[in-house]
Amino acid sequence: MHIPHFGSGGRAAAFAVALACAALAAAAQPALRTVPDTMAQRMQACTPCHGQQGRSSPVGYLPRIAGKPAGYLVNQLKNFRDGSRYSAAMSRLVEFMSDDYLREIGDYFAALDLPYPPPPVPTERVGVLRRGENLATRGDPGRQVPACTQCHGYALTGALPALPGLLGLPADYVIGQLGAWKTGSRRAAAPDCMGEIARRLSADDVRAVAVWLASRPVPPGARPAAQPDLPLPLECGSGVR
Amino acid sequence: MKRWLPHAVLLAVCALAVIALLAALNLRDESPIGDARPSAASAEQVQRGAYLARAGNCLACHTIRGGAPYAGGRAIETPFGTVHGSNITPDAKTGIGSWSADHFWRAMHNGRSKDGRLLVPAFPYPNFTLITREDSDALFAYLRTLPAVERPNREHALRFPYSTQAALAVWRALYFRPGVYEADRARSGEWNRGAYLVGGLGHCSACHGGPTVFGPARGSLEMSGGVSPIDKWYAPSLTSRAEASVADWETGQIVELLQTGVSARGSALGPMAEVVYRSTQFLSDADLRAMAGFLKTLPPSSAAVQRSAPIGAVDPEILERGRTLYRKACEDCHGPRGEGARGAYPALAGNRTVVMNPPSNVIRAVLSGGFLPATRGNPRPWGMPPFGHVLDDAEVAAVITFIRNEWGNSAGGVSSVEVQRMR
């Protein structure tokens, strides 16, 4: 084998060529970046709407998802995928996902324990807020409307495995959901207890209860209860599973 | 004798001749319908049929979101109106329970329903006509094993004249020629198997071949790109190197894309994610290799060159605005030099989807985001956020203009109007 011999000038030239080649290779193939392989990184797709780590604010429309019961989150993700809850954006995102992955996503956001910001100052009249408080805490037995607290917990922070807390949500979001239940564009597993309750509420009821809920501070360290207070006032197809 | 009479007679004769010709052309290659009830299918045949149903992705159009499988109802937007997938469960009243294998064959091979109606080619029988009688029978045998679901079909909502049987008859006479796939003797068995799957059940040309519903004649193996019926995605040309040609991919990379939804060379988003999720991930390695091998040999075209508008100068102010937005919203994932992140986020530098014309897909990706399909090979896909809620049309246009003209990309700008059209 012939080994080329370089003089000192030749050696420098060879070194320069080698350097140039290395630089070229680097330009053609940028150093491969990596990002951490974590659920937080995989779920970056959720953050522009639901906030960093799924902690969106109580103003606007989009709900906070951090700390919601895992079962509730998984039910919603499946409902978006399978069409019993409607949001074009959410449906497109979860359309081609397996049950397993949706469960992992639900578990991830449920496990986040992040502080809640203080509630916005309500702009509604006191009468509206009082009507909302009445409905939320006492219900309306005359119309067979149970209090929110009967299922969603005395502190309204929800219960495992699948009953969501109702605090820290934008009023417009709660109004949107109750409206969707009334019109049937949001449905839960049968018997759909929330659908039934929503249909017993007037538009004014919905508004009152939503603005009152949105005006409530979230108690520090609030977590969903370990289990709901059984029996529930209505039979529910989801919420308890 | 009245003077007009000979003219009228002549006219009537001509009209009759045209009708007879149309009828004859529409009934080409039809087999007689026997009245024999379907003979008992073997378990093997049913299993084969189930596999073929995956290969044809029958589920996608014949199932409404969250509905009973194969019971129909999905609305498919076409340039000519909306068509609705039909119920193909064995329900006698609303499905195909009263059909025989002959009826099913006539639908697949000739595009005619049991009641004799001409079918709308959104049901891609110009592709399905390529499949063998044996495969058609296996599919039918499988469909007969599904639970019968009573769900009445929804009428199509096509505009006049596309809604008429007469229009269909004319289109079929001009452009539809029934015929089982004929092997190219000069090619290998594997190549022919690939062509059979891609052109037949796979019906890739239904999207990648353009909007063919009443369009001009296009072969079932013609793949020069077209608009997909879903969310205005563009189904890129499989023959153009500038679009989605895989001629220079390794066979394994093509197989990987079809099997897992992601590969070193590209990934499946939007309607292609659905194809991978519901169909190709379930195909055998041998079939995927055959398809890949065939796709690699598609003759190259210069579709992109013809389609792209001349690239004008890009407003530096818009570029700067796009750069600022990129740093804020995109850089964390796609990198400061558009290089992407290994195994997670695609590079934007040199990315064909980013620089493609039309820019529909990059606009759709920014507006709607999305996850790759969750498959056995990629069960926990990475995702892209939808920015449609967060950025307005001008901002989306600016950031896309930036990524189309940075890091060596040079594809011209995108206007707010183009973004608005994709909303």
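Tabulated data
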read-out	value
First in the range B:306-326 and farther than 16 Å from B:Gly412 by Cβ, second anywhere and outside any helix (DSSP H, G or I) and modelled with pLDDT of 90 or more, Cβ under 6 Å, 6 or more apart	none
Only one of B:Ala138, B:Ala157, B:Ala148 that is touching a Lys or Arg at 6+ places or on another chain (Cβ under 6 Å), of a type in the set (A, V, I, L, M) and in the same structural domain as B:Ala60 (by TED's automatic domain parsing)	B:Ala138
Residues within the range A:199-213 that are crowded, with 20+ Cβ neighbours inside 10 Å and touching a strand residue (DSSP E or B) at 6+ places or on another chain (Cβ under 9 Å), tallied	1
Which listed residue, of B:Phe387, B:Phe371, B:Phe402, is more than 14 Å from chain A (Cβ to nearest Cβ) and aromatic (Phe, Trp, Tyr)	B:Phe402
Test: residue in the range A:45-53 that is outside any helix (DSSP H, G or I), at positive phi and within 12 Å of chain B (Cβ to nearest Cβ)	yes
Residue in the range A:95-114 that is buried (at least 19 other Cβ atoms within 10 Å of the Cβ), in contact with a Pro (Cβ under 8 Å, 6 or more places away or on another chain) and more than 14 Å from chain B (Cβ to nearest Cβ) present	yes
Residue within the range B:314-332 that is touching a Cys at 6+ places or on another chain (Cβ under 9 Å) and either at the interface with chain A (Cβ under 7 Å from one of its Cβ atoms) or buried (at least 22 other Cβ atoms within 10 Å of the Cβ) (or both) present	no
Selection within the range A:84-99 - under 20 Å from A:Tyr173 (Cβ atoms), outside any helix (DSSP H, G or I) and over 15 Å from the mean Cα position of the chain (by Cα)	A:Ser84
Helices (runs of 4 or more DSSP H) enclosed by the range B:1-101 - at least 2 residues per element that are of a type in the set (Gly, Ala, Ser)	B:5-26, B:43-56
Hits in the range A:54-87 - residues which are away from chain B (no Cβ under 11 Å) and more than 24 Å from A:Pro117 (Cβ to Cβ)	A:Gly71, A:Val74, A:Asn75, A:Leu77
B:Val170 modelled with pLDDT under 90 and β-branched (Val, Ile, Thr)	no
Any helices (runs of 4 or more DSSP H) falling wholly within the range B:128-242 and containing at least 1 residues that are in contact with a Phe, Trp or Tyr (Cβ under 6 Å, 6 or more places away or on another chain) and within 28 Å of B:Gly266 (Cβ to Cβ)	B:189-199
Members of the range B:207-239 that are modelled with pLDDT of 80 or more and surrounded by fewer than 20 Cβ atoms within 10 Å (Cβ to Cβ)	B:Asp231, B:Lys232
Yes/no for B:Pro379 being buried (at least 19 other Cβ atoms within 10 Å of the Cβ) and within 27 Å of the chain's Cα centre (by Cα)	no
Breaking point among (1) at pLDDT 90 or above; (2) within 23 Å of the chain's Cα centre (by Cα), for B:Gln45	(2)
Pick from the range B:104-118, criterion surrounded by 19 or more Cβ atoms within 10 Å (Cβ to Cβ) and in contact (Cβ under 8 Å) with a residue 40 or more places away in the chain, ranking: nearest to B:Val180 (Cα to Cα)	B:His109
Test: residue in the range B:259-268 that is over 27 Å from B:Phe80 (Cα atoms) and assigned to a helix (DSSP H, G or I)	yes
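Condition check ((1) surrounded by fewer than 13 Cβ atoms within 10 Å (Cβ to Cβ); (2) not hydrophobic (A, V, I, L, M, F, W, C)) across all residues:
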| position | (1), (2) |
| --- | --- |
| B:Ala148 | no, no |
| B:Arg151 | no, yes |
| B:Pro161 | yes, yes |
| B:Ala167 | no, no |
| B:Val170 | no, no |
| B:Phe176 | no, no |
| B:Ala186 | yes, no |
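Rundown of residues vs (1) more than 26 Å from the chain's Cα centre (by Cα); (2) within 14 Å of chain A (Cβ to nearest Cβ), yes/no style:
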| site | (1), (2) |
| --- | --- |
| B:Ile33 | yes, no |
| B:His62 | no, no |
| B:Gly73 | no, yes |
| B:Phe80 | no, no |
| B:Val83 | no, no |
| B:Ile88 | no, no |
| B:Ser113 | no, no |
| B:Glu134 | no, no |
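The values are calculated or read from the model by the stated rules, or taken from the named source; none is laboratory data. Just so it is clear, the structure is predicted and the values come from calculations on it, not from any experiment. Positions of Cβ are generated from backbone atoms using ideal geometry, with glycine treated the same way; all protein chains shown enter the neighbour counts.
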